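Every number here is computed from the coordinates shown, using simple stated rules; none is lab data. Just so it is clear, the structure is predicted and the values come from calculations on it, not from any experiment. Cβ placement follows ideal geometry from the backbone for every residue including glycine, while neighbour counts extend to all protein chains displayed.
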Amino acid sequence: MPAATLDAFLNSYLGEPNELRAAVVMTVRRLTQAATTIRNTINQGVVGTAFAGTRGANADGDVQKDLDVFADDIFLDAMRHAPVALYASEELEQPVLLDPQAPLAIAIDPLDGSSNIDTNVSIGTIFSLLPAIGAPDANPAVSFLQAGVNQLGAGFFIYGPQLALVLSLGSGTHVFVLSARLGTFVQAYESRVIPQRTQEFAINAANYRHWDEAVRLYIDDCLEGTEGPREKDFNMRWIASLVADCYRILMRGGVFLYPGDKRKGYRQGRLRLVYEANPIAYLVEQAAGAATDTITRILEIEPESLHQRVPMVFGSAREVARITRYHTEPSAIGERAPLFSRRGLFRA
């Protein structure tokens, strides 16, 4: 039986005529066209016209690559031809008003993981679809200051060995890959389910000395393996590409940690709530996983500003819950209690 196409999936989602759903479908289709253009540019590598050169800093202070700006321009142009009222990008200081009568607002990270361009590691595009609210032409930011639970859909493209689209429109998290033979996206995985338990974590261990004690204690316990309180061996993975780490977790489970730490500018984490954390959390929850800022559910946080940053933990639900307990009630972690006599939570 041939695999279902993305078009068939979108038509099924559309169902009976519905203005809002029709807008979502048209927008996803425009996004796939733009992503294909980006993929073709990436595939040119260093011989391309827009690749790994730098341009300074973006609106949030991070170094911009030429391909960051190129990708932003491509997606912005695509959204001009979609039923989108507002376009907010990690690369832009303020949202762009496109059509004040349109029903959608899109928040996008046009090129996640761009620091990996030179090293040929998978990078991607993350997007969040929200209902446009208020008066878009009077206060464009309002539509993006909604809690993530209000998202109509979310997804990311990953530019790797395959061009893949991970998408949720509120009924499971589905994976589509671009078929060169068919010239369209086909469904590779339907309704992914992240295992509740895991023996794999992803974190940048180089920042160990900067972490809060709860994070260090959690990682210490994992690293002690079968001889420690977890009584099992863990593997560590860290790609430094959010889409690549998330894709791996969707495929085989695991937990991802990007906590806040004691470095200047990192106390509140580094991932953007609107552009990155909310859409990733939506996809993970729709795949039976969980996502928090170490304590609070990501999708319940109301953004205070467009470029707000948050700590983030996501992946296998039971492991995410355990990490929360390390922060809120470590004494409730039964197998840890005997160790407190030699290693307390607030050791010097």
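Please state the relative contact order of the range 68-145 as a whole percent: Cα pairs under 8 Å, 6+ residues apart?
Values: 144 pairs, mean separation 21.3, N = 78.
Relative contact order for the range 68-145 comes out at 27 percent.
Sequence-distant or interchain residues sharing an amide H contact under 5 Å with Leu152, placed H: which?
Counting only residues 5 or more places away or on other chains, the set is Leu129, Leu130.
Say a site is exposed when it is one of the GluC sites (Glu not before Pro), sits in a DSSP loop, and has at most 14 other Cβ atoms within 10 Å; what is then the longest site-free stretch of the chain? Spell out each step's value before the answer.
Numbers: sites that count: Glu93, Glu190, Glu231, Glu304.
No qualifying site falls inside 94-189, the longest such stretch.
How far, in nm, would the chain grow between Asp73 and Val193 when pulled straight, counting 0.36 nm per residue and subtracting the alpha carbon separation?
Numbers: separation 120, 0.36 × 120 = 43.20 nm, distance 3.42 nm.
That works out to 39.8 nm of additional length.
When the helices in the chain are scored as -39500 (n - 2.57) per DSSP H run of 4 or longer and the sum is shared across all residues, what 222 nm value do you end up with, to the nearest 500 deg cm²/dmol?
Working: 7 runs with 91 residues, N = 348.
For the chain, the value works out to -8500 deg cm²/dmol.
Which whole-Hz couplings ³J(HN,Hα) result when phi for each residue of the range 80-94 is put into the Karplus expression 6.51 cos²θ - 1.76 cosθ + 1.60, θ = phi - 60°, listed in order with x for Gly and Pro?
Those phi angles translate into 5, 10, 10, x, 10, 7, 9, 10, 10, 10, 4, 8, 10, 5, 10 Hz.
For Cα pairs less than 8 Å apart in space and 6+ apart in sequence, what is the mean separation divided by the residue count of the chain, i.e. the relative contact order in percent?
Values: 733 pairs, mean separation 51.2, N = 348.
After rounding, I find 15 percent.
Normalised by the empirical 2.2 N^0.38 Å for globular proteins, what value does the Cα Rg of the range 247-339 take?
On the way: Rg = 13.7 Å, N = 93, 2.2 N^0.38 = 12.3 Å.
Ratio of Cα Rg to 2.2 N^0.38 Å: 1.11.
Across the chain, where is the longest run that never hits trypsin sites (Lys or Arg not before Pro) in a DSSP loop with at most 15 other C-beta atoms within 10 Å? Please list the in-between numbers first.
Values: sites that count: Arg80, Arg181, Arg197, Lys232, Lys262, Arg263, Lys264, Arg267, Arg342, Arg343, Arg347.
Formally, the longest exposed-site-free interval is 81-180.
Can you tell me the length gained on complete extension of the stretch Ala8 to Asn43, counting 0.36 nm per residue apart and subtracting the Cα distance? Don't skip to the end; give the middle numbers.
Working: separation 35, 0.36 × 35 = 12.60 nm, distance 2.77 nm.
So the chain would gain 9.8 nm between Ala8 and Asn43.
Read phi for every residue in the range 274-283 and hand back ³J(HN,Hα) as whole Hz from Karplus 6.51 cos²θ - 1.76 cosθ + 1.60, θ = phi - 60°, with x for Gly and Pro.
6, 8, 10, 5, 4, x, 5, 4, 4, 5
Hey, rough spin-label estimate for Asn235 and Ile295, points 7 angstrom out along Cα→Cβ, what's it come to in nanometres?
Label at Asn235, label at Ile295, 3.4 nm between them.
D for the chain, whole µm²/s, Stokes-Einstein with Kirkwood Rh over alpha-carbon pairs at 10 °C and 1.306 mPa s: what number? Each step should come with its number before you reach the end.
On the way: Rh = 20.8 Å.
For these conditions, the coefficient is 76 µm²/s.
Kindly write out, for the range 246-263 in residue order, the coupling ³J(HN,Hα) from the Karplus curve 6.51 cos²θ - 1.76 cosθ + 1.60 (θ = phi - 60°), rounded to whole Hz, with x marking Gly and Pro.
5, 4, 4, 5, 5, 7, 9, x, x, 9, 10, 10, 10, x, x, 8, 7, 6
Mind giving me the nanometre distance, one decimal, between the label points for Ser179 and Ile333, set 7 Å out from Cα along Cα→Cβ?
Result: 4.6 nm between the two label points.
If Lys and Arg each add +1 and Asp and Glu each add -1, what is the summed charge of the other residues whose beta carbon sits under 10 Å from the beta carbon of Leu145? Before the final figure, lay out the partial values.
Details: positive: none; negative: Glu302, Glu304.
Net of charged neighbours comes to -2.
When Lys and Arg each count +1 and Asp and Glu each count -1, what net charge do the other residues less than 11 Å away from Glu319, Cβ to Cβ, add up to?
Values: positive: Arg197, Arg230, Arg318, Arg322, Arg325; negative: Glu200.
So the environment of Glu319 carries a net charge of +4.
Give the value in nm², to one decimal: projected area of the alpha carbon convex hull of the range 182-239, averaged over all directions. Walk me through the numbers on the way to the answer.
Details: hull surface 26.1 nm².
Approximately 6.5 nm², given one-decimal rounding.
Taking R0 as 22 Å, what's the FRET efficiency between Asp212 and Met251 from their Cβ-Cβ distance, rounded to 0.05? Can you show the working numbers first?
On the way: r = 30 Å, r/R0 = 1.35.
With a Förster radius of 22 Å, E is 0.15.
Given the convex hull of the Cα atoms of the range 157-276, what is a quarter of its surface area in nm²?
Details: hull surface 37.2 nm².
Hull-based average projected area comes out at 9.3 nm².
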